[in-house]
Amino acid sequence: MLNDLAKVLLTKEQIDTRVAELGAQISRDYAGKDLVAICILKGALHFMADLTRQITIPLSIDFMAISSYGAGTKTSGVVRILQDLDSSIADRHVLIVEDIVDSGLTLKYLVDNLSSRRPASLKIVTLLDKPARRAVAIAPHYNGFDIPDEFVVGYGLDYDEKYRNLPFIGVLKPEIYQK
Ligand code: IMP
């Protein structure tokens with residue numbers, strides 16, 4: 001797997017430090033509120049697990065599985081819900097936990113979809129943001145790192161379902177996805 005990477009972009013230590021900061025900030029911002037954190041599967045799996053353990057206030061967790069890519073490296077804009085939430089989010093404070101915001105199309109779809117269920121509030125936390133690639137006007141409320149326009153894998157992020165288990169974030173060699 002390591003041979004497929006051009007470089008390490010973010011080490012495990014850098015990720016852990018930033019995730020702890022985000023957890024502390026979210027704990028402060030949501031103190032006294034009925035918080036539900038929604039993990040967007042599969043990419044946000046590791047971020048969700050680490051972030052929620054850094055949040056010191058009570059919360060519920062739920063999961064939504066969506067698909068937007070197929071095997072390529074660009075979003076089609078067509079988002080499919082593969083698995084929906086277990087519980088109602090009406091009147092609750094919802095935090096969407098995402099791995100990366102790229103074009104923003106996936107998030108726009110999710111925000112529109114979840115807003116229609118009448119949450120008390122709806123915010124987004126993403127580990128990574130590629131602002132240079134944005135196609136729709138949408139900004140996460142909490143963001144771990146801005147990254148350049150490169151295809152990254154690891155810490156939950158995949159290419160063709162591989163590399164999710166790397167404990168750090170690396171840049172995939174272009175020849176892997178240009179094959
Ligand atoms: P968007 O709809 O273009 O913003 O794409 C968001 C989704 O695409 C993310 O939730 C990821 O699953 C995937 N994605 C975007 N960029 C990358 C990347 O660099 N590596 C792996 N997955 C990515």
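The values are calculated or read from the model by the stated rules, or taken from the named source; none is laboratory data. Everything quoted here is computed from the prediction, not taken from an experiment. Because the Cβ atoms are built from the backbone with ideal geometry, glycine has one as well, and the counts that use them run over all protein chains shown. Accessible surface areas use protein heavy atoms only, side chains included; no ligands, DNA or RNA. Shrake-Rupley method; radii C 1.70, N 1.55, O 1.52, S 1.80 Å.
Looking only at residues in region 139-163 that are assigned to a loop (DSSP other than H, G, I, E, B) and within 13 Å of the chain's Cα centre (by Cα), which one is nearest to the ligand (Cβ to nearest atom)? I'd like the intermediate steps shown before the answer.
Within region 139-163, the subset assigned to a loop (DSSP other than H, G, I, E, B) is 139-141, 147-151, 155-156, 158, 160-161, 163.
Now restrict to residues that are within 13 Å of the chain's Cα centre (by Cα): 139-141, 155-156, 158.
Details: A139: 12, P140: 10, H141: 15, Y155: 10, G156: 9, D158: 6 Å.
Per the criteria, the residue is D158.
Can you give me the number of residues within region 117-138 that are within 16 Å of the ligand (Cβ to nearest atom) and not in a strand (DSSP E or B)?
First, pick out the residues of region 117-138 that are within 16 Å of the ligand (Cβ to nearest atom): 124-138.
If we keep only those that are not in a strand (DSSP E or B) too, we end up with 130-138.
Number satisfying all stated conditions: 9.
Which condition from (1) of a type outside the set (G, A, S); (2) over 24 Å from D84 (Cβ atoms); (3) under 17 Å from the mean Cα position of the chain (by Cα) is the one that I38 breaks?
So the condition that I38 fails would be (2).
Looking only at region 87-106, how many residues end up being open to solvent by 20 Å² or more (accessible area, probe 1.4 Å) and touching a Lys or Arg at 6+ places or on another chain (Cβ under 6 Å)?
Residues in region 87-106 being open to solvent by 20 Å² or more (accessible area, probe 1.4 Å) and touching a Lys or Arg at 6+ places or on another chain (Cβ under 6 Å): 2 in total.
Only residues that are under 21 Å from S121 (Cα atoms) and assigned to a loop (DSSP other than H, G, I, E, B): list them for region 24-53, please.
Across region 24-53, the qualifying residues are Y30, A31, G32, K33, D34, A44.
I'm checking my understanding of the structure. Among residues of region 75-116 that are more than 7 Å from the ligand (Cβ to nearest atom) and under 14 Å from R133 (Cβ atoms), which one is modelled with the highest pLDDT?
Here the residue is K108.
Contact list please: Cβ distance under 8 Å, first residue in region 103-115 and farther than 19 Å from V36 by Cβ, second residue more than 12 Å from the ligand (Cβ to nearest atom), pairs at least six apart or on different chains.
G104/A137
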